[in-house]
Each structure stands twice: as structure tokens, then as C-alpha cells.
Amino acid sequence: MLVAGLAVAGLAGCEAGETSPKVTTTAAKPTLWNPCTEIADDALRAAGVDPGTEESGLAGVPQSGWEICGWRGPEYSLTVYTTDKTVAQFEQKPGNINFSDVTIANRAGRQFRIEGDTRNAFCDVVFPASQGVVQLGVNNSAIADGPLDDPCAYLQRAGAVLVPAFPK
């Protein structure tokens, strides 16, 4: 109704030969923390991934409303995501299951799994942050030799190194 009212007001001004300045009222979205530029290579190596394998976005494609960066190691891949979404939105998303409270590097988060992960290949944790959340995801490597640890155990070890760099 307000938009219609503004449109009518704008038309009335034009009909009278008056001009009015354009006013745009959009709320600026907060700038998201960028894991590709903010996580040090030494921390990535300590977490067991190769900084040279960095990939921004999903399969190199940027995603609107997200900053995403991933790296590969011999047994696992790590991905760090930031978004303005909330932990509650992650909990309500269909397909995200088995949420539990975790603490990594003295930071509280919510660990979860992806429905249909019959290989037990994925583990994710979301941490609340001032701009929304930071998510740390781990994926077992499909080419690793032999049985791998539970990806959540690896996430705990890698997170101990990486989480201190995450924004609060």
C-alpha cells in the first residue's frame, strides 16, 4: 500500500510539471567475512589441508548471500561458509538433521549432519556470529586409502586450529 501511495504521489508531481529527486531506501547487507582471505595458510596446513587447493564459491561459482571457501587434503576436504542466516534457519532447513551442541576452541556451535549421507562422509558445525553464522564443513575424501575417522572427529581437530580465526 505504501509503494502504491508513493507511486501515485510521484505521478501527481510529474503531471504538475514538477520533478522530485529519486530516493532509494534499501538496507545495506553487512559485508560478510571472507574465509579465502582471512584464514592464514599456516592454519590451513595445521588443519590438514593444502592452501594451494583453495576454491572460492561452490565449484568455483559465487553464491549470492554467501562467502564460501574450500580446501582439500589427503583424507578430507574443508569448507568454510559465512552468511547472514541464523543458526535457527539452519536447524529448520529440511535435510539438516541430528543437531547437537558442541564446543570447539572454546566456541559454542551446533553440529549437524546431512540427511541421506549413508557413507557418513559429511559433518558440519555452525557458529553464531555478529553477521549471521560461520559454518565449518568436512567431507571425507572419496580417494583416500583405507577407513577414515568419523568426519566429525576430524572437524573437531581441524576446528581447533581454524575456529579461533572466525569472526565473533
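Restricting attention to region 53-64, the residues that are surrounded by 14 or more Cβ atoms within 10 Å (Cβ to Cβ) and either in contact with a Phe, Trp or Tyr (Cβ under 8 Å, 6 or more places away or on another chain) or at positive phi (or both) add up to 3. Being more than 21 Å from N34 (Cβ to Cβ) and either in a strand (DSSP E or B) or within 16 Å of the chain's Cα centre (by Cα) (or both) is true of C123. Residues of region 98-112 that are in a strand (DSSP E or B), within 10 Å of A160 (Cα to Cα) and open to solvent by 50 Å² or more (accessible area, probe 1.4 Å): T103 alone.
Test S141 against the criterion of being at pLDDT below 95 and not acidic (D, E), and give yes or no. Spelling it out, S141 is indeed at pLDDT below 95 and not acidic (D, E).
Quick test for you: out of E67, E75, pick the one residue that is open to solvent by 80 Å² or more (accessible area, probe 1.4 Å) and in contact with a Leu (Cβ under 6 Å, 6 or more places away or on another chain).
Within the list E67, E75, the selection yields E75.
Could you go through region 130-149 and let me know if any residue there is on the phi > 0 side of the Ramachandran plot, of a type outside the set (S, T, Y), assigned to a strand (DSSP E or B) and open to solvent by 20 Å² or more (accessible area, probe 1.4 Å). Scanning region 130-149, I find no residue that is on the phi > 0 side of the Ramachandran plot, of a type outside the set (S, T, Y), assigned to a strand (DSSP E or B) and open to solvent by 20 Å² or more (accessible area, probe 1.4 Å), so the answer is no.
Take L162 and tell me if it is open to solvent by less than 30 Å² (accessible area, probe 1.4 Å), in contact with a strand residue (DSSP E or B) (Cβ under 8 Å, 6 or more places away or on another chain), modelled with pLDDT of 95 or more and not in a strand (DSSP E or B). If you could, list the steps in order and put the result at the bottom.
On the way: open to solvent by less than 30 Å² (accessible area, probe 1.4 Å): yes; in contact with a strand residue (DSSP E or B) (Cβ under 8 Å, 6 or more places away or on another chain): yes; modelled with pLDDT of 95 or more: yes; not in a strand (DSSP E or B): yes.
Yes.
Within region 22-52, being open to solvent by 80 Å² or more (accessible area, probe 1.4 Å), at pLDDT 95 or above and within 15 Å of the chain's Cα centre (by Cα) holds for T37, E38.
The values are calculated or read from the model by the stated rules, or taken from the named source; none is laboratory data. Being a predicted model, the structure only gives us computed values, none of them experimental. Cβ coordinates were reconstructed from backbone atoms using ideal geometry, including for glycine residues, and neighbour counts include every protein chain displayed. Protein only, heavy atoms only, side chains kept; ligands, DNA and RNA dropped before computing areas. Shrake-Rupley method; radii C 1.70, N 1.55, O 1.52, S 1.80 Å.
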